[in-house]
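To start, the structure under review is shown below, and the notes come after it.
The values are calculated or read from the model by the stated rules, or taken from the named source; none is laboratory data. In this text, all values refer to a predicted model and were calculated from it rather than measured experimentally. FYI the Cβ positions are ideal-geometry reconstructions off the backbone, even for glycines, and counts take in every protein chain you see. In case anyone asks, the SASA skips ligands and DNA or RNA and just uses the protein heavy atoms, side chains included. Shrake-Rupley method; radii C 1.70, N 1.55, O 1.52, S 1.80 Å.
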Amino acid sequence: QFRYVSESRTTYCWNGDQGCMYIWRERGKMTFLWSAPEGPSKTPPTDNPAVPPLPSGAKAAEGAAGQGQGGGAHQNDFQKIRLQVTIMPPEVLIPGGITTNTTVVEEVEMSAKAMAGVIGKGGASIAEIEKLSGAKASQLEAREGEHMQRIQLTGTKAQVQDAKQMLEQKVVLTIGEKAAEKMQKHINSKILERKRHETGADAAKQGVAGLSDFCKKWGVKAINARKIAKLDAMLQRYMIRHFNPTKAKAANAIKGYSAALMKHPQKWRLEALYEDGELDGEVCETILIGMNGAMVGRQSAEADMTSEEQLIELEVDSSMGERASRVYGDVQPQHCKLLQMGKDYYVWSQESQIGTIVDGQKIREQDGPYPIRDGSVLGVGKYLLYCEIGTPDVLQARRRKLLSGERPWASTAAEAPAAQGEEATEAAAATTTTTTEETA
């Protein structure tokens, strides 16, 4: 069991099996504080003067914590180090955004017999599907050399999804379940065959605007284009703007370059926020964390306004119904806590099932506080939180450089390799911006 005392910025760990209290230092490192005379128990005894939050215990623990976390002599030094986080919601991370009224176009294939049942007598059946789903359905000609019929669905993502479900039900009623299953297997094999022959530009159509042209320009193969299209939209846009191989072949260099961008810490995201117009913009908000830390969680209409704890509320559009969890992920009311101990900052997941992603690694409540660094990226549901750690002067100067058109990072090709062997060489041959911070 862990317990954090904000007054002393100290985390206590009670080992019930041993009946011992420890001061938590970092992952895997603790300092023994005392053992309970009664022996092992699920909860620590409340009559021990060193148990927080009793004043004498908190005071004594603060002194002990100071010995391992910088000491009183450095109190002023670590108080100058601050943490600020920039909230990046799914709107800027999902290609095309999450706007519910965005128009999408999808095609559905089926046999001629199934098509006849879907269309219905005089088009009555397909008209009913259009009316119930809200999507527009248009019959297309079969592809050259193929016998499968096609219907094009146009509407919002929700409308198209509803229309597809209705089409599947109508096909089963028309030709039977076994025949429908056999038809779908045949269609899937045809789709796989077409994917083997499609270009990188075609495979990249599911990504952000401009990705298809990017893949065409650099000769990216379809298999790599599909992988890039699955990355978050911010990374895709940054890659389109900055990828510029100088020696290695582009098709080879791009694998190492994308791997370098996914390596942590991802300091390039600050520059990407500026280039996307989201550095302190209307969508992405930057919040300075107070000295007592902050709780990160799902926005609640019944928030406790009397609480002195700083809250970072992540909005989830409940009007989206079941689709909300697919868009925003599973964000808990109290998902994780940001806190300072000594001169370092930590994130502590507040639940044991879903977890919080810290620089690509999932942590849960039982893992205790996990260290974060300048450039760390936290994943809460499908939100990303970009962390900046430093003195106020350094953090402000960094942003002033961006706003004046300068780059806050010193470009070094040595930072580019994110893989071993051939891929590392290819990454170093590309002009990359996964770089180190300039010294003041």
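Some values worked out for this structure:
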item	result
The lone exception for residue 292 - which of (1) open to solvent by 60 Å² or more (accessible area, probe 1.4 Å); (2) within 18 Å of the chain's Cα centre (by Cα); (3) more than 23 Å from residue 210 (Cβ to Cβ) it fails	(2)
Selection within segment 1-31 - open to solvent by 60 Å² or more (accessible area, probe 1.4 Å) and either assigned to a loop (DSSP other than H, G, I, E, B) or at pLDDT 80 or above (or both)	1, 7, 17, 18, 27, 28
Output for segment 241-274, where each listed residue is open to solvent by 50 Å² or more (accessible area, probe 1.4 Å) and among the hydrophobic types (A, V, I, L, M, F, W, C)	262
Cβ-Cβ under 6 Å pairs, at least 6 apart or on other chains, segment 148-159 side under 23 Å from residue 188 (Cβ atoms), far side modelled with pLDDT of 85 or more and hydroxyl-bearing (Ser, Thr, Tyr)	152/138
Residues that are part of a strand (DSSP E or B) and closer than 23 Å to residue 348 by Cα, drawn from segment 32-45	32, 33
Where a residue in segment 346-373 is closer than 16 Å to residue 294 by Cα and its partner, wherever it lies, is among the acidic types (Asp, Glu) and part of a helix (DSSP H, G or I), with Cβ under 8 Å and at least six apart	348/365; 349/365; 349/367; 350/365; 351/365
Check on residue 109, surrounded by 15 or more Cβ atoms within 10 Å (Cβ to Cβ) and either over 29 Å from residue 190 (Cα atoms) or under 35 Å from the mean Cα position of the chain (by Cα) (or both)	yes
Answer residue from segment 122-156, given it is in contact with a Lys or Arg (Cβ under 8 Å, 6 or more places away or on another chain) and either among the aromatic types (Phe, Trp, Tyr) or more than 18 Å from residue 109 (Cβ to Cβ) (or both) and is surrounded by the fewest Cβ atoms within 10 Å (Cβ to Cβ) among those	130
Evaluation of residue 53 against (1) surrounded by 12 or more Cβ atoms within 10 Å (Cβ to Cβ); (2) more than 30 Å from residue 374 (Cα to Cα); (3) modelled with pLDDT of 75 or more (one fails), failing number	(3)
Pairs where the first residue, in segment 377-400, is over 30 Å from residue 325 (Cβ atoms) and of a type outside the set (A, V, I, L, M, F, W, C) and the second is open to solvent by 40 Å² or more (accessible area, probe 1.4 Å) and at pLDDT below 90, C-beta under 6 Å, 6+ apart	391/80
Filter result (out of contact with any Asp or Glu (no Cβ under 8 Å at 6 or more places or on another chain) and in a loop (DSSP other than H, G, I, E, B)) within segment 250-265	263
Residue that is modelled with the lowest pLDDT [pool: residues in segment 168-217 that are within 14 Å of residue 236 (Cα to Cα) and open to solvent by 50 Å² or more (accessible area, probe 1.4 Å)]	206
Pairs where the first residue, in segment 322-334, is at positive phi and the second is assigned to a loop (DSSP other than H, G, I, E, B) and modelled with pLDDT of 85 or more, C-beta under 7 Å, 6+ apart	329/381; 329/382
Qualifying residue in segment 332-353 (condition: out of contact with any helix residue (DSSP H, G or I) (no Cβ under 9 Å at 6 or more places or on another chain) and among the acidic types (Asp, Glu))	no
Number of the exception - residue 281 against (1) closer than 20 Å to residue 406 by Cα; (2) in a helix (DSSP H, G or I); (3) without any contact (Cβ under 8 Å) to a residue 40 or more places away in the chain	(2)
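One line per residue, one yes/no per condition, for (1) more than 16 Å from residue 87 (Cα to Cα); (2) surrounded by 17 or more Cβ atoms within 10 Å (Cβ to Cβ); (3) acidic (Asp, Glu):
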site: 313; (1), (2), (3): no, no, yes
site: 319; (1), (2), (3): yes, no, no
site: 346; (1), (2), (3): yes, yes, no
site: 349; (1), (2), (3): yes, yes, no
site: 381; (1), (2), (3): no, yes, no
site: 398; (1), (2), (3): yes, yes, no
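For (1) of a type in the set (D, E, K, R); (2) touching a residue at least 40 places away in the same chain (Cβ under 8 Å), each residue gets a yes or a no:
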position: 132; (1), (2): no, no
position: 137; (1), (2): no, no
position: 173; (1), (2): no, yes
position: 176; (1), (2): no, no
position: 187; (1), (2): no, yes
position: 194; (1), (2): yes, no
